[in-house]
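**Q** Please see the structure below; I have some questions.
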Amino acid sequence: MRDKLIILLKPYAALLFLDKIEVSVVLFLALLIQPSIAIGGFVALIFTIAFAEFISLKEYLDNGFYLYNSLLVGMGIGYLFAPTLLSVFFIAILSIFTFLLSFILNRLFAVYKIPILSLPFSLVTIVAYLASLRYSHFFSELINNHLIFDIHINTFLDAFFRALGTIFFLPNVLFGLIIFLLLLYASRIMALMALIGFSFGVFIHSLFVTNYFEALHEPYSFNYILVAVALGGVFLLPTIKNYLLALIGVLISVVLVDAMVIFFNYYSLPVFTLPFNIVVMMFVFVLSMIYYKELNYNIKSTPEESLSYYLSNVFRFGGNTVKIALPFKGEWSVYQGFDGEWTHTGKWKYAYDFVIVRNDKTYQRDGVYLEDYYCFNQDIVAPISGYVVALRNDLPDNNIGEVDKINNWGNYIIIKSDYGFFVEISHLKQYSIIPKIGDYVKVYDVIAKCGNSGYSPQPHIHIQVQKFGVLGSETMEFVFDKYYMHDKLVFYGLPSQNELVRAVVFEKQMGMRFNFVLDEVYEYEVYHNQEYQQNISFRVQMNKKGEFYLSDGKNKLFFYNDWEMFYFYEYVGAQSYLKELFKLAAKIPFVTNAKYVDYLPVYLIKSKLESLIIGILASFNATLYKREYQYQLSALKLKSVFGEVTFSFYNKGFETIQFGDTILKRVVK
């Protein structure tokens, strides 16, 4: 019963791009100001859900767009016609039509990564309006939706709140004020973008119509609000650049609204949300095609949460930047990095060269022979997992002092990553390449030997990430996922020229300690100041996305194990022991000893008010979100400023969890 009620209520908040049940409840109750609209929307949801269950598509109801479009259609009919048996039947037909159209459009648009937004509603409502022109007896059921009970604030705010209310077919100041307060409660960024979008759209429109009052009372100005909110924090991340893109979207919507009003009025049709749909779809499509970095690929319940998730991913895991492993074992030195002074320029600037240095030299004796160079004939390992798509193996290694100016790349291998990019390694030793074209190699597999073929003054490794699997392709920016430098473990970085870096040797058997299995329960005794308090337990659970998390019954701590490292990446809930565990063991690399830095999400370490302020300011300056903390892993213990955790040699999970005067001791049965 509770689940069905949530399904019924969720679409109300979804109309404001929100996923908060309390917002849905308030909106539903506020819509009762105009019963015909409230009844129309609710009836449409009932029929849509019943139809989805009838044809066994109930699982799709979790996706809001399958329901909020039907909700809009129902409210639209309720806005026009009094609730009678005939109008209810009309709503039933249209809601089923809307659900089917939403399903079809979603499948088609998903290919191009375009959200369907409220396009099904706009199209179905046009059909409804055209059809109703032939139903003459419907006009006897037309109702006057003028609300007697309303408030007045001032001319501008009245217009703004009415525009907000129009999203729900209630152009009423009081109802619009309720919506704005809900936006302010859920997301300050959304509330701000709504106000800015409306103000900017009205100002631009007034320049064209030369009448500010006319622009202020444009009946379709709610499109400016929807565009600004959608592009300023929902489908794009809330950043300065995207705020500007949102305003550009508002500019386009102003012209689009006017053009559509003229065209649609000719057929006595409403414009509704078509301008908003067209503008947002265009932006999302184009930006997804160019792999725009600040597209919101993980939409959370609010822009603040999306930004927090994104920045945490950037600082902790390198964001969406391409990540590769070092192509060698042991310790090497950076000979040349990005935008190097010799050959890494132009479209080939994203490349790295490595050599081995001892006593400040790359060679022993006089360095006359290839064998004098420390890196010559050393193993080269695959920096990624993927298929070999091209190679050359027959070129001789140059004598010292000579270079091959014809075959610049020398012997090389190109591997296509499982993620779609390509990695090329050049100047390999003659006949040393082990795999053949078409072979699949795994990261850290030995694939060749370091040589001196091609345009190479001395033996070294040249590595680059590129867009295509052909020799000489344009390079792409990347980072090395893990390496030691100055006895510290560095994640997702780029060492500077002449820096010594050492490859990480993972103890993958450590991964078994954190191989948590669904429904496993880990029980702990809680002590405070050495006095027993209670027993608690954490259960391993999984959500519908296949994400694993630890749960104490109320709170969720999401984790991942990639067999090189275990890490927590998201916490949902209130203050709890799980929240403390996140801080204590945010990231655990599978090595014996290591010192490293991690960047924790602000909500873990700051109060709600501080997190709120930082969340808003971070959209203008991302570094405000960057919180650096030192960790030290040694033997079976991980220490930080927050406390420490210990691991068992024999059992999975955490042996003890200690912070302040509190300690959790594992109960092993």
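The values are calculated or read from the model by the stated rules, or taken from the named source; none is laboratory data. Since we're looking at a predicted model, the values are computed, not measured. Reconstructed Cβ throughout: ideal geometry from the backbone, glycine too, with neighbour counts over all protein chains shown.
**Q** Working only within the range 559-571, note down all residues that are surrounded by fewer than 17 Cβ atoms within 10 Å (Cβ to Cβ) and either of a type in the set (A, V, I, L, M, F, W, C) or closer than 16 Å to TYR522 by Cα (or both).
**A** Step one: filter the range 559-571 for residues surrounded by fewer than 17 Cβ atoms within 10 Å (Cβ to Cβ), giving 560, 562-563.
Across the range 559-571, the qualifying residue is only TRP563.
**Q** Just the residues that are within 22 Å of ASP360 (Cβ to Cβ) and surrounded by fewer than 17 Cβ atoms within 10 Å (Cβ to Cβ), please, taken from the range 489-506. Break it down stepwise before answering.
**A** Within the range 489-506, the subset within 22 Å of ASP360 (Cβ to Cβ) is 495-503.
Result: SER496, GLN497, ASN498, GLU499, LEU500.
**Q** Given the structure, is ASN320 closer than 30 Å to HIS427 by Cα and either out of contact with any Cys (no Cβ under 9 Å at 6 or more places or on another chain) or of a type in the set (A, V, I, L, M) (or both)?
**A** Working: closer than 30 Å to HIS427 by Cα: yes; either out of contact with any Cys (no Cβ under 9 Å at 6 or more places or on another chain) or of a type in the set (A, V, I, L, M) (or both): yes.
In short, yes.
**Q** Among LEU71, LEU117, which is at pLDDT 85 or above, part of a loop (DSSP other than H, G, I, E, B) and within 21 Å of LEU170 (Cβ to Cβ)? Give the steps one after another, and end with the answer.
**A** Working: LEU71 fails: part of a loop (DSSP other than H, G, I, E, B).
The match here is LEU117.
**Q** Looking for whichever is out of contact with any Gly (no Cβ under 7 Å at 6 or more places or on another chain) and at pLDDT 95 or above here; the options are VAL250, VAL261, VAL257. Which one fits? Step through it out loud before you land on a result.
**A** Values: VAL250 fails: out of contact with any Gly (no Cβ under 7 Å at 6 or more places or on another chain); VAL261 fails: at pLDDT 95 or above.
Within the list VAL250, VAL261, VAL257, the selection yields VAL257.
Every residue, every condition in (1) out of contact with any His (no Cβ under 9 Å at 6 or more places or on another chain); (2) closer than 19 Å to TYR374 by Cβ; (3) part of a loop (DSSP other than H, G, I, E, B), yes or no:
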site: ILE415; (1), (2), (3): yes, no, no
site: TYR431; (1), (2), (3): yes, no, yes
site: GLY438; (1), (2), (3): yes, no, yes
site: GLN458; (1), (2), (3): yes, yes, yes
site: HIS462; (1), (2), (3): no, yes, no
site: LEU471; (1), (2), (3): yes, no, yes
site: TYR492; (1), (2), (3): yes, no, no
site: ASN498; (1), (2), (3): yes, yes, yes
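**Q** To continue, here is another question. Say whether the condition of being closer than 29 Å to ASN651 by Cα and part of a strand (DSSP E or B) is met by at least one residue in the range 504-519.
**A** The initial filter retains those residues of the range 504-519 that are closer than 29 Å to ASN651 by Cα, namely 504-519.
Checking the rest, the ones that are also part of a strand (DSSP E or B) come to none.
Checking the range 504-519: not a single residue is closer than 29 Å to ASN651 by Cα and part of a strand (DSSP E or B).
**Q** How many residues does the range 417-429 contain that are of a type in the set (D, E, K, R) and part of a loop (DSSP other than H, G, I, E, B)? It would help to see each step written out before you state the result.
**A** Initially, the range 417-429 is screened for residues of a type in the set (D, E, K, R), giving 418, 424, 429.
Subsequent filtering for residues that are part of a loop (DSSP other than H, G, I, E, B) retains 418, 429.
Number of matching residues: 2.
**Q** Looking only at the range 53-66, filter to residues that are modelled with pLDDT under 90 and in a helix (DSSP H, G or I); which one of those is surrounded by the most Cβ atoms within 10 Å (Cβ to Cβ)? Please lay out each step first, then the result.
**A** Restricting attention to the range 53-66, the residues satisfying the condition of being modelled with pLDDT under 90 are 53, 55-66.
Subset that is in a helix (DSSP H, G or I): 53, 58-62, 65-66.
On the way: GLU53: 12, LYS58: 12, GLU59: 9, TYR60: 14, LEU61: 20, ASP62: 12, PHE65: 21, TYR66: 23.
Step by step, filter the range 53-66, then rank; the result is TYR66.
**Q** Further question on the same structure: Name, by its number, the condition in (1) modelled with pLDDT of 95 or more; (2) part of a loop (DSSP other than H, G, I, E, B); (3) of a type in the set (S, T, N, Q) that does not hold for ASN407.
**A** Just one mismatch for ASN407, condition (1).
**Q** Here is a follow-up. Take VAL286 and tell me if it is free of Cβ contacts under 8 Å to residues at least 24 places away in the same chain, part of a helix (DSSP H, G or I) and either in contact with a Phe, Trp or Tyr (Cβ under 9 Å, 6 or more places away or on another chain) or not assigned by TED's automatic domain parsing to the domain that holds GLU564 (or both). Break it down stepwise before answering.
**A** Values: free of Cβ contacts under 8 Å to residues at least 24 places away in the same chain: yes; part of a helix (DSSP H, G or I): yes; either in contact with a Phe, Trp or Tyr (Cβ under 9 Å, 6 or more places away or on another chain) or not assigned by TED's automatic domain parsing to the domain that holds GLU564 (or both): yes.
It is true that VAL286 is free of Cβ contacts under 8 Å to residues at least 24 places away in the same chain, part of a helix (DSSP H, G or I) and either in contact with a Phe, Trp or Tyr (Cβ under 9 Å, 6 or more places away or on another chain) or not assigned by TED's automatic domain parsing to the domain that holds GLU564 (or both).
**Q** Provide a single number: the residues in the range 120-155 that are among the polar types (S, T, N, Q), at pLDDT 85 or above and surrounded by fewer than 15 Cβ atoms within 10 Å (Cβ to Cβ).
**A** 2
**Q** Among the residues of the range 373-413, which ones are under 16 Å from HIS462 (Cα atoms) and β-branched (Val, Ile, Thr)?
**A** Residues satisfying the conditions are ILE380, VAL381, ILE384, VAL403, ILE413.
**Q** For the range 572-613, which positions are of a type in the set (Val, Ile, Thr) and surrounded by fewer than 18 Cβ atoms within 10 Å (Cβ to Cβ)? Talk me through it step by step, then tell me what you get.
**A** Start the filter on the range 572-613 by keeping residues that are of a type in the set (Val, Ile, Thr), which leaves 572, 588, 591-592, 597, 602, 605, 613.
Hits for the range 572-613 are VAL572, THR592, VAL597, ILE605, ILE613.
**Q** Any chance the range 22-34 includes a residue that's out of contact with any strand residue (DSSP E or B) (no Cβ under 9 Å at 6 or more places or on another chain), over 23 Å from ALA186 (Cα atoms) and either among the aromatic types (Phe, Trp, Tyr) or part of a helix (DSSP H, G or I) (or both)?
**A** Of the residues in the range 22-34, the ones out of contact with any strand residue (DSSP E or B) (no Cβ under 9 Å at 6 or more places or on another chain) are 22-34.
In the following step, the residues that additionally are over 23 Å from ALA186 (Cα atoms) were identified as 34.
Right, trim to either among the aromatic types (Phe, Trp, Tyr) or part of a helix (DSSP H, G or I) (or both) and you get none.
Within the range 22-34, none of the residues are out of contact with any strand residue (DSSP E or B) (no Cβ under 9 Å at 6 or more places or on another chain), over 23 Å from ALA186 (Cα atoms) and either among the aromatic types (Phe, Trp, Tyr) or part of a helix (DSSP H, G or I) (or both).
**Q** Give just the number: which of (1) out of contact with any Lys or Arg (no Cβ under 8 Å at 6 or more places or on another chain); (2) farther than 29 Å from MET282 by Cβ does LEU72 not satisfy?
**A** (2)
**Q** Return the residue satisfying two criteria in turn: it lies in the range 74-95 and is not in a helix (DSSP H, G or I) and not aromatic (Phe, Trp, Tyr), and of such residues it is modelled with the lowest pLDDT. Step through it out loud before you land on a result.
**A** From the range 74-95, those not in a helix (DSSP H, G or I) are 81-84; that's our starting set.
Okay, now just the ones that are also not aromatic (Phe, Trp, Tyr), so 82-84.
Working: ALA82: 79, PRO83: 82, THR84: 83.
In this case the residue turns out to be ALA82.
**Q** Among the residues that make up the range 507-515, is at least one of them closer than 24 Å to ASP379 by Cα, surrounded by fewer than 17 Cβ atoms within 10 Å (Cβ to Cβ) and either among the aliphatic types (A, V, I, L, M) or touching a helix residue (DSSP H, G or I) at 6+ places or on another chain (Cβ under 8 Å) (or both)?
**A** no
**Q** Now, a different point. For residues that are part of a loop (DSSP other than H, G, I, E, B), surrounded by fewer than 16 Cβ atoms within 10 Å (Cβ to Cβ) and without any contact (Cβ under 8 Å) to a residue 12 or more places away in the chain, tally how many sit in the range 328-376.
**A** Matching residues across the range 328-376 total 9.
**Q** Looking at the range 259-271, is at least one residue in contact with a helix residue (DSSP H, G or I) (Cβ under 8 Å, 6 or more places away or on another chain), without any contact (Cβ under 8 Å) to a residue 60 or more places away in the chain and in a helix (DSSP H, G or I)? Explain how you work it out, then say what you get.
**A** Of all residues in the range 259-271, those in contact with a helix residue (DSSP H, G or I) (Cβ under 8 Å, 6 or more places away or on another chain) come to 260, 267-271.
Those left that are additionally without any contact (Cβ under 8 Å) to a residue 60 or more places away in the chain: 260, 271.
When the remaining residues are screened for being in a helix (DSSP H, G or I), the result is 260.
Yes, because at least one residue in the range 259-271 is in contact with a helix residue (DSSP H, G or I) (Cβ under 8 Å, 6 or more places away or on another chain), without any contact (Cβ under 8 Å) to a residue 60 or more places away in the chain and in a helix (DSSP H, G or I).
**Q** With (1) in contact with a Phe, Trp or Tyr (Cβ under 6 Å, 6 or more places away or on another chain); (2) at pLDDT below 90 as the list, and PHE169 as the residue in question, which single condition is left unmet?
**A** (2)
**Q** List pairs: first residue in the range 439-455 and free of Cβ contacts under 8 Å to residues at least 60 places away in the same chain and in the same structural domain as TYR412 (by TED's automatic domain parsing), second residue buried (at least 23 other Cβ atoms within 10 Å of the Cβ) and in a loop (DSSP other than H, G, I, E, B) anywhere in the structure, Cβ distance under 6 angstrom, at least six positions apart or on different chains.
**A** VAL441/ALA382; SER453/ASP397; SER453/GLY410; GLY454/GLY410
**Q** Something else: Tell me, which residue of the range 614-636 that is in a strand (DSSP E or B) and among the hydroxyl-bearing types (Ser, Thr, Tyr) is surrounded by the most Cβ atoms within 10 Å (Cβ to Cβ)?
**A** Per the criteria, the residue is TYR631.
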